[in-house]
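The values are calculated or read from the model by the stated rules, or taken from the named source; none is laboratory data. These numbers come from a predicted model, not from an experiment. So basically every Cβ, Gly included, is an ideal-geometry build from the backbone, and we count neighbours across all protein chains shown. Protein only, heavy atoms only, side chains kept; ligands, DNA and RNA dropped before computing areas. Shrake-Rupley method; radii C 1.70, N 1.55, O 1.52, S 1.80 Å.
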Amino acid sequence: MAQTSPHHPDEYIAQLPLERQEVMQKLRTTILGNLPEGYTEEMSYGMIGFVVPHSLYPNGYHCDPKLPLPFISLASQKNFIALYHMGLYADENLLQWFKEAYPQHSKAKLDMGKSCIRFKKISEIPFTLIAELVQKMSVKDWVKIYESIYKKG
């Protein structure tokens, strides 16, 4: 039976294998409970996304202005759960803080791409650290950093 593309985060989580549903819901709840005011949750690029809505940033995302400005995304991949945090990619100080804080919150080795944190062992996800990370960048701060990097002209 083919899966359909989910239109809501609840649908996304419901389509996951049972062993992933609880941890994905806990990550989603952690993010929602710590996300600064202004960000909204929606499906974005086939993942659960936390974005700056057009009502706060009408220009949208430079790659496709019809889309809101992405900030955090959450995805269940084949071999890991991925947390994408655009602020880590764009703000060197935030990235440095996260890299230094991570070993204090998890025994697992940090597995990271430019903005992607990969969690291969769901039992070692540092929820407290993720909560702290999510709180560290307001919509205003993210838009300012984003525009300093991508604003043309």
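May I ask you to derive the FRET efficiency for GLN77 and THR128 from their Cβ-Cβ distance with R0 = 30 Å, giving the value to the nearest 0.05?
On the way: r = 23 Å, r/R0 = 0.77.
Plugging the Cβ-Cβ distance into 1/(1 + (r/R0)^6) gives 0.85.
Applying a threshold of 24 Å to the alpha-carbon distances of LYS107/LYS144; LYS109/LYS144; LYS78/LYS121; LYS114/LYS140; LYS66/LYS151; LYS114/LYS144 flags LYS107/LYS144; LYS109/LYS144 as lying beyond it.
Name the shape class, rounded, prolate or oblate, that the alpha-carbon gyration tensor gives for the range 61-144, where a ≥ b ≥ c are the square roots of its eigenvalues, rounded holds for a/c under 1.5, and otherwise prolate holds if a/b is larger than b/c and oblate otherwise.
Working: a/c = 2.25, a/b = 1.42, b/c = 1.58.
Oblate.
What number comes out for the charge environment of ALA75, summing +1 per Lys or Arg and -1 per Asp or Glu over other residues with Cβ under 12 Å away?
Numbers: positive: ARG20, ARG28, LYS78, ARG118; negative: none.
Charge balance in the 12 Å sphere: +4.
Which shape class, rounded, prolate or oblate, goes with the chain when its Cα gyration tensor gives a ≥ b ≥ c as root eigenvalues, a/c under 1.5 marks rounded, and past that a/b bigger than b/c marks prolate? Oblate is the answer for the chain, as a/c is 1.5 or above yet b/c matches or exceeds a/b.
Taking 7 Å steps out from each Cα toward its Cβ at SER148 and HIS8 produces label points 3.9 nm apart. Here the accessible area of the chain is 51 percent carbon and sulfur, with a 1.4 angstrom probe and all protein chains present.
For the range 95-153, the relative contact order is 26 percent, taking Cα pairs closer than 8 Å that sit 6 or more residues apart in sequence and dividing their mean separation by the residue count. Taking every C-alpha pair closer than 8 Å and separated by at least 6 residues, the mean separation divided by the residue count of the chain gives a relative contact order of 21 percent. Length gained on full extension, SER138 to TRP97, computed as 0.36 nm times the residue gap minus the Cα-Cα distance: 13.1 nm.
Quick check: residue separation of LYS66 and GLU42 times 0.36 nm, minus the Cα distance between them. What number comes out in nm? Numbers along the way, then the final one.
Details: separation 24, 0.36 × 24 = 8.64 nm, distance 1.42 nm.
Difference between extended and current length: 7.2 nm.
Our note on the geometry: Cα centres of the range 23-56 and the range 69-83, 11 Å apart. Per-residue ellipticity at 222 nm, computed for the chain from helices alone with -39500 (n - 2.57) per DSSP H run of at least four residues, works out to -12500 deg cm²/dmol.
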